[in-house]
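Everything below concerns the one structure shown next.
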Amino acid sequence: MPPGAEVLVIVKGVATPFSVFGLLKRLGQIPGVAHVSFDLSQGLADVLLRPGAIVTDHQFREAIRDASYTPGTIRRKPTAPDEHAN
Amino acid sequence: MTGRGIRRAWLIRLTIALVFTLATAGPALAQLTFPGASPISAGNLILMAQPALVQQTGGFQSAIAQGVLVYGASSRLALITESNLLVWNMAEAISNGKTVRLDAVGTGDTLQEARYTVFQLDGIGSTLRIAPMIGVTVPTGMDNVNSQLPHDVQPATGNWGGRAALTGSWQTLHWNAEAEIGYEARFPGTDYQFGNQFVTDAAFHYVIWPRQITADIPGELFASLETNFFSANANRANGEFVPGTGGQLWLVDPGLDWSTPGYGLAITALLPVMQTRYGSGRRYDYGVLLHFRLSLYTPHHW
């Protein structure tokens with residue numbers, strides 16, 4: 001099964017380890033999200049989706065605002081082709 | 001009680017009244033540098049325990065275990081409950097030429113506050129926030145556990161009260177600064193009323209480890225320096241001022257703080273820089289405060 005899509009989201013307002021907790025939880029609660037990590041130094045959330053899952057930019061922005069932060073740019077990395085496909 | 005017992009009790013109370021004074025409205029604890037106006041996510045539940053020990057002149061000691069619960073009701077609204085779960089005040093008195101140790105142990109009062117972020121400026125790795133706070137003090141504790149000790153040594157006040165404050169936080173990747181200014185009022189209606197109190201705090205935290213903030217750091221170690229200033233009116237008993245209560249206290253609090261996304265640990269010394277009392281009496285020598293934090297999450301929020 002091909003891996004899920006990867007989405008890179010800039011999040012503004014996160015400056016301390018304590019602040020990361022709520023952000024990870026809110027992003028992880030979005031249906032279709034398999035894993036979230038956060039780079040504090042760059043303000044960058046790396047979100048891995050479940051295979052076939054679709055998560056809109058609006059869902060990401062809403063989750064970030066619920067976490068009390070400000071969403072920045074959202075970039076979707078190209079999905080790797082399925083090596084078993086004909 | 002026999003005649004000798006009555007005289008002994010009276011002598012103890014008199015001695016304590018002369019030797020011991022405590023502006024209980026003055027703190028045993030450093031004001032929280034946390035949460036200040038720090039971001040609290042909707043659904044974030046933060047549990048904190050803060051045991052503290054304070055030493056005053058004349059052999060008086062106070063041990064307080066405070067519990068704090070912070071709940072992110074929404075992205076801007078946080079509800080904060082602070083309760084003195086256990087207060088243990090220990091005083092020395094002189095009776096018939098002998099030193100007697102007296103204790104007042106019990107639960108303290110509870111402060112329920114709401115904090116709402118009204119200004120927020122976010123950047124990558126930084127945030128500046130301002131939030132007013134409003135709260136009510138509920139007399140949930142024991143205000144008369146030991147009748148041999150004065151009212152202001154009991155674990156709780158017995159007073160309802162209100163609190164209004166304004167707090168601000170400025171956080172960056174390498175340092176944080178917090179400030180808070182507030183006023184606490186005690187409502188009349190009981191025979192013993194603690195004095196109203198003005199409080200202001202400022203805190204600065206600097207990351208001392210790691211030196212470089214990278215993607216996979218487990219947490220951060222901060223060196224912290226906080227300062228607290230309290231100015232309290234004297235207490236009143238049946239409408240009359242109680243001598244030796246009230247005054248000003250200025251603390252400087254150096255500490256260390258280890259913070260991860262899931263939990264935090266801190267230790268802080270509470271050191272008096274300046275103190276004045278309305279009348280003579282015991283003085284604040286020093287205090288030590290420990291801080292434990294655990295972050296939890298609930299999907300329920302507004």
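No lab work stands behind these numbers, since they all come straight from the coordinates. This structure is a prediction, so every number in the text was calculated from the model and none was measured. All Cβ positions, even for glycine, are placed from backbone atoms using ideal geometry, and neighbour counts span all protein chains on display.
Residue by residue through A:38-45, how many Cβ atoms from other chains fall within 10 Å of the Cβ on average?
Neighbouring Cβ atoms belonging to other protein chains average 5 per residue here.
Could you list log10 I(q)/I(0) for the protein assembly as shown at q = 0.06, 0.08, 0.11, 0.12 Å⁻¹, which the Debye formula gives when each Cα is one point scatterer?
These q points yield log10 I(q)/I(0) values of -0.30, -0.49, -0.80, -0.90.
Mean shadow of segment B:84-149, computed from the convex hull of its alpha carbons, in nm²?
Taking the Cα atoms of segment B:84-149, their convex hull projects to 7.6 nm² on average.
Just the projected area, averaged over all directions, of the convex hull on the alpha carbon atoms of chain B: how many nm²?
Value for chain B: 16.6 nm².
Out of B:Gly219, B:Gly123, B:Gly195, any idea which swings most in a Gaussian network model of chain B, alpha carbons joined below 10 Å?
Highest fluctuation among the options: B:Gly123.
Okay, helix-only estimate at 222 nm for chain A: each DSSP H run of n ≥ 4 adds -39500 (n - 2.57), divide by all residues, round to 500 deg cm²/dmol; what do you get?
-7500 deg cm²/dmol
Where does segment B:71-113 land on Rg/Rh, using Cα atoms and the Kirkwood Rh?
Computed over Cα atoms, the ratio is 1.40.
Would you kindly calculate the translational diffusion coefficient of segment B:163-302, applying Stokes-Einstein with the Kirkwood radius from alpha carbon pairs, for 25 °C and a viscosity of 0.890 mPa s, and quote it in µm² s⁻¹ without decimals?
Answer, rounded: 138 µm²/s.
Hey, what number do you get for chain B at 222 nm if only DSSP H runs of n ≥ 4 count, each worth -39500 (n - 2.57), divided across all residues, to the nearest 500?
Taking each H run of at least 4 residues, the total per residue is -2000 deg cm²/dmol.
Report the equivalent ellipsoid semi-axes for chain A in whole Å, largest first, defined as the square roots of five times the eigenvalues of the gyration tensor built from alpha carbon atoms.
Listed largest to smallest, the semi-axes of chain A are 25, 12, 11 Å.
Report the net charge of residues surrounding A:Thr70, where surrounding means a beta-carbon distance below 15 angstrom and charges are Lys +1, Arg +1, Asp -1, Glu -1.
+2
Please report the relative contact order for chain B, taking Cα pairs under 8 Å with a sequence separation of at least 6, and give it as a percent rounded to a whole number.
Over chain B, the number comes to 19 percent.
From the P(r) of segment B:105-201, can you give the percent of Cα pairs sitting at distances over 20 Å?
Of all Cα-Cα distances in segment B:105-201, 51 percent exceed 20 Å.
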